[in-house]
Amino acid sequence: MEIIHLDTIDSTNRYCELLDLDQVEEFTIVYADEQTAGKGQQSHVWESQTGKNLTLSLILHPTFIQIPDQYQLHKALSLAVVDLLKALGISNLHIKWPNDIYVADKKICGILVANKLSKNILQSSICGIGLNVNQTEFPAWVPNPISISQITHQEYDLPLLLSQLAQCLMSRYQMLKRGELQHIDRDYMDCLMNLGVEKKYLYQSETILATITGINRYGHLLLKTSKQEEISCQMGEISLIS
Ligand code: BTN
């Protein structure tokens, strides 16, 4: 495992995108004290106060994963973060599909994965993780944020926490490598937010009432609407209203 520390960078994901990934050692972590243009899902900005949080990208070569199964990697990464937070004594943890980590109804971690595909496998992956750690104030535009410190009222040593997170990531990644997919699926479903609970969603520009019933092989979210229709959604096709 190699760890690269940057004082300041636009985005650790962007930094990794510019590397020749084939030359980068498996399980290399790039982390930064400051990101000036952190990237979130769907072109959002990832806000993180300098020196307060973990903002990192993990470079993997998951060539054992076939393209249709790439969502397994998202599951393993989310579970690794949940494992870390559980080890810190935090409860009420949920994974909001596809890979946001929540404590109750507040977001504590976001994950942004970019895969490079080759033939039918994942050649390399840049797995960006933003975990709120010691930050206690957030700009008003950040939707529902929370940090570890706000929950436990403790201050964390970031390099130490990074090494704990790296161990959790390694352990879930090894599980994937060993093909323990049922174990990962079960743990993921146990954490999936709103599974079996009827909620309001925005879907195809309409408000619908629907209940999450599961996730299919491709990582699509499966729901049953109040009109008893089965729907399957890719990322960005559905959003929770309440
Ligand atoms: C999300 O929107 O939920 C995903 C956020 C991902 C943020 C992390 S911080 C480290 C890495 N570098 C980035 O620019 N983004 C990811």
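Derivation of every value follows stated rules applied to the coordinates shown; laboratory data play no part. Since we're looking at a predicted model, the values are computed, not measured. Quick reminder, even Gly has a Cβ in these numbers, built from the backbone with ideal geometry, and neighbours come from all protein chains shown.
Quick notes on this structure:
- Of N13, N144, N53, the one that fluctuates the most in a GNM where the chain has Cα springs shorter than 10 Å: N144
- Taken over the stretch 88-172, the ratio of Cα radius of gyration to 2.2 N^0.38 Å equals 1.25.
- Between H183 and K116, the modelled labels are 3.0 nm apart [label points 7 Å from Cα along Cα→Cβ].
- Per-residue ellipticity at 222 nm computed for the chain from its helices equals -7500 deg cm²/dmol, with DSSP H segments shorter than 4 residues left out and the rest contributing -39,500 (n - 2.57).
- Placing a label point 7 Å from the Cα of F27 along the Cα-to-Cβ direction, the residues of the stretch 145-186 whose backbone N falls under 15 Å of that point are 163-179.
- Cβ-derived FRET efficiency at R0 51 Å, K227 paired with Q164, nearest 0.05: 0.65
- Working note: Karplus 6.51/-1.76/1.60 with θ = phi - 60° gives the stretch 141-149 the couplings 6, 7, x, 6, x, 8, 10, 4, 4 Hz, where Gly and Pro are set to x.
- Counting only DSSP beta bridges with both residues in the stretch 46-177, the antiparallel share comes to about 95 percent.
- Calculated from backbone phi, Karplus (6.51, -1.76, 1.60) coupling profile of the stretch 45-54 in Hz, x at Gly/Pro: 8, 9, 8, 7, 5, 3, x, 10, 10, 9
- Maximal additional length on extending the I67-K200 stretch stands at 44.7 nm, based on 0.36 nm per residue less the C-alpha distance.
- Cα-based shape type of the stretch 86-242, given that a ≥ b ≥ c are square roots of the gyration tensor eigenvalues and the cut on a/c is 1.5: oblate
- Here r is the Cβ-Cβ distance between K106 and T207 and R0 is 30 Å; the resulting FRET efficiency, rounded to 0.05, is 0.80.
- Annotation for the stretch 161-202 versus the stretch 44-88: alpha-carbon center distance of 10 Å.
- Couplings 3J(HN,Hα) of the stretch 219-235, computed from phi: x, 6, 7, 9, 9, 10, 7, 5, 8, 6, 8, 8, 10, 10, 10, 8, 4 Hz, in residue order, whole Hz [Karplus 6.51 cos²θ - 1.76 cosθ + 1.60, θ = phi - 60°; x for Gly and Pro].
- Nearest-20 debye value, the chain charge dipole, Cβ charges on Lys, Arg, Asp, Glu: 700 debye
- Net charge of Cβ neighbours under 11 Å - reference L223; Lys, Arg +1; Asp, Glu -1: -2
- Within the chain, percent of DSSP bridges classed antiparallel, to nearest 5: 85 percent
- The base-10 log of I(q)/I(0) for the stretch 18-95, evaluated at q = 0.13, 0.24 Å⁻¹, reads -0.57, -1.34 [Debye formula, identical scatterers on Cα atoms, solvent excluded].
- Sites L19 and W141, calculated FRET efficiency, Cβ-Cβ separation with R0 41 Å, nearest 0.05: 0.85
- By the rule of a C-alpha distance below 14 Å, with chain neighbours fewer than 8 residues away ignored, the aspartates and glutamates paired with K224 are E198.
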